[in-house]
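A.B. asks: Before anything else, here's the structure in question.
The values are calculated or read from the model by the stated rules, or taken from the named source; none is laboratory data. Predicted model, so just to flag it, every value in this text is computed and none were measured. For neighbour counting, all protein chains shown are included, and Cβ atoms are generated from backbone atoms with ideal geometry for every residue, glycine included. Heads up: the accessible areas ignore ligands, DNA and RNA and are worked out on the full protein's heavy atoms, side chains in. Shrake-Rupley method; radii C 1.70, N 1.55, O 1.52, S 1.80 Å.
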Amino acid sequence: VPVERTETNLIPNYTFETFVVANSNRIAHATALAIAEGKRINPFYIFGGSGLGKTHLMHAVGRKILEDNPNTNLLCISANRFINEVVSLSAGGRYSDEKIQKFDNKYRNLDALLIDDVQFLCKRGGTQQRLFNIFEALLPKNKQIILTCDTYARQLSDFDERLISRFGAGLSVSIEPAEFELRAAILLQKAKQQGVKLPLEVAYLIATRLNTNIRELEGALNSVIMRAEVFKKPIT
């Protein structure tokens with residue numbers, strides 16, 4: 001019986017080509033690229049603060065895998081969406097055997113599973129059990145699993161110890177806060193993607209003022225671009 005393909009949920013512009021590499025993310029990028037090109041590292045656990053590029057890198061792996069092997073049954077899903085799927089199995093207070101069978105078939109037949117923000121599974125014992133069962137089904141078959149999280153696996157609280165053990169069984173790599181040069185390079189790359197010529201000194205100014213995360217950098221850049229368009233002024 002043919003396996004029903006899942007919707008990948010990959011973000012189109014999260015690719016390796018649009019990911020800016022620097023010392024703070026070089027190891028994570030190199031590992032992700034190796035996996036995308038066929039190396040099995042199971043699971044690959046990327047951790048670090050919010051807005052540092054974990055999700056971008058995970059989606060880039062997924063896109064590269066599908067470009068090289070279009071028939072790969074791959075799913076990228078957020079932890080919150082995964083929780084909602086598990087909760088829906090018992091809608092109305094009763095478990096549906098048909099729903100559970102469909103859920104199991106969907107996940108256990110995957111070639112690659114990518115889950116974003118697994119820290120949101122804390123205190124979700126039933127959902128963690130479902131994920132553990134999926135791990136037990138996929139890992140022996142050497143199916144690729146990639147996870148992102150805001151902290152190292154051993155620092156997760158209210159998690160099943162067996163699941164934490166699975167998280168740490170492969171390779172855990174951190175992405176550190178972006179240094180100044182990386183922040184400036186990201187701004188220039190984001191501006192280029194929007195077809196906007198951003199002067200180098202403006203990129204340096206924004207990168208100096210904002211040293212938190214990439215999302216805030218992108219927000220600041222979008223604000224500058226919008227103001228320039230509204231007032232019909234060049235960016236200086």
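A.B. asks: Which angle from 0 to 90°, rounded to the nearest 10, does the C-alpha axis of helix 97-108 make with the longest principal axis of the chain?
C.D. replies: 50
A.B. asks: Based on the mean of other beta carbon atoms within 10 Å per residue, what is the order of 124-132, 33-41, most packed first? Intermediate results must be reported in sequence, preceding the final value.
C.D. replies: Numbers: 124-132: 17.8, 33-41: 14.6.
Most protected by this proxy first, the peptides run 124-132, 33-41.
A.B. asks: Which value, in debye to the nearest 20, gives the size of the charge dipole of segment 38-97 about its Cα centre, when Lys and Arg are +1 and Asp and Glu are -1 at the Cβ? If you can, show how the numbers build up before the last one.
C.D. replies: On the way: 7 positive and 4 negative charges, 38 e Å.
For segment 38-97, the charge dipole is close to 180 debye.
A.B. asks: What does the charge count near Q193 come to, summing +1 for each Lys or Arg and -1 for each Asp or Glu among other residues with Cβ under 13 Å from its Cβ?
C.D. replies: Values: positive: K190, K192, K197; negative: E17, E218.
In short, +1.
A.B. asks: Moving on to the next point. Would you mind getting the Kirkwood hydrodynamic radius of the chain from its Cα pairs, rounded to one decimal in Å?
C.D. replies: Values: mean 1/r = 0.0519 Å⁻¹.
Result for the chain, one decimal place: 19.3 Å.
A.B. asks: Could you work out how far helix 180-193 tilts from the main Cα principal axis of the chain, as a 0 to 90 degree angle to the nearest 10?
C.D. replies: Compared with the principal axis, the helix lies near 90 degrees.
A.B. asks: Still on this structure, I have one more. Counting Lys +1, Arg +1, Asp -1, Glu -1, what net charge surrounds I65 among other residues with beta carbon under 12 Å of its beta carbon? Mind showing how you got there, number by number?
C.D. replies: On the way: positive: K39, R40, R63, K64, K143; negative: E37, E67, D68, D111.
The answer is +1.
A.B. asks: Follow-up question, since we're still on this one. Suppose every Lys and Arg Cβ carries +1 and every Asp and Glu Cβ carries -1, with no other charges. What dipole size does segment 32-185 come out with about its Cα centre, to the nearest 20 debye? If you can, show how the numbers build up before the last one.
C.D. replies: Numbers: 20 positive and 18 negative charges, 82 e Å.
Roughly 400 debye for segment 32-185.
A.B. asks: Which angle from 0 to 90°, rounded to the nearest 10, does the C-alpha axis of helix 214-230 make with the longest principal axis of the chain?
C.D. replies: So the helix axis and the longest Cα principal axis differ by about 50 degrees.
A.B. asks: Also: With a 1.4 Å probe and every protein chain left in place, work out the accessible area per residue of the chain in Å², rounded to a whole number. The partial results should precede the final answer.
C.D. replies: Values: 12510 Å² over 236 residues.
Ligands and nucleic acids excluded, the figure is 53 Å² per residue.
A.B. asks: Let me ask you something else. Mind checking segment 46-109 for trypsin sites (Lys or Arg not before Pro) that DSSP puts in a loop (not H, G, I, E or B) and that have at most 12 other Cβ atoms within 10 Å? Numbers along the way, then the final one.
C.D. replies: Details: sites: K54, R63, K64, R81, R94, K99, K102, K106, R108; in loops: R94.
Answer by residue number: R94.
A.B. asks: Sticking with this one: Considering only A153, L163, A184, whose Cα is most displaced toward the positive end of the charge dipole of segment 150-194, charges sitting on Cβ of Lys, Arg (+1) and Asp, Glu (-1)?
C.D. replies: Looking along the dipole axis, the top candidate is A184.
A.B. asks: Using the per-residue mean of other Cβ atoms lying within 10 Å as a proxy for protection, in what order, highest first, do the peptides 215-221, 84-90 fall? Each step should come with its number before you reach the end.
C.D. replies: Working: 215-221: 17.1, 84-90: 14.6.
Result, highest mean Cβ count within 10 Å first: 215-221, 84-90.
A.B. asks: Using a cut-off of 12 Å between beta-carbons, work out the net charge of the residues near L139 (Lys and Arg +1, Asp and Glu -1, L139 not included).
C.D. replies: Once all neighbours under 12 Å are counted, the net charge is +4.
A.B. asks: Going down the table (K39/K143; K64/K99; K197/K233; K64/K102; K39/K192; K54/K143), which pairs top 22 Å between alpha carbons? Write down the numbers at each step before the final one.
C.D. replies: Numbers: K39/K143 11 Å; K64/K99 31 Å; K197/K233 13 Å; K64/K102 28 Å; K39/K192 32 Å; K54/K143 20 Å.
In this structure, K64/K99; K64/K102; K39/K192 lie more than 22 Å apart at Cα.
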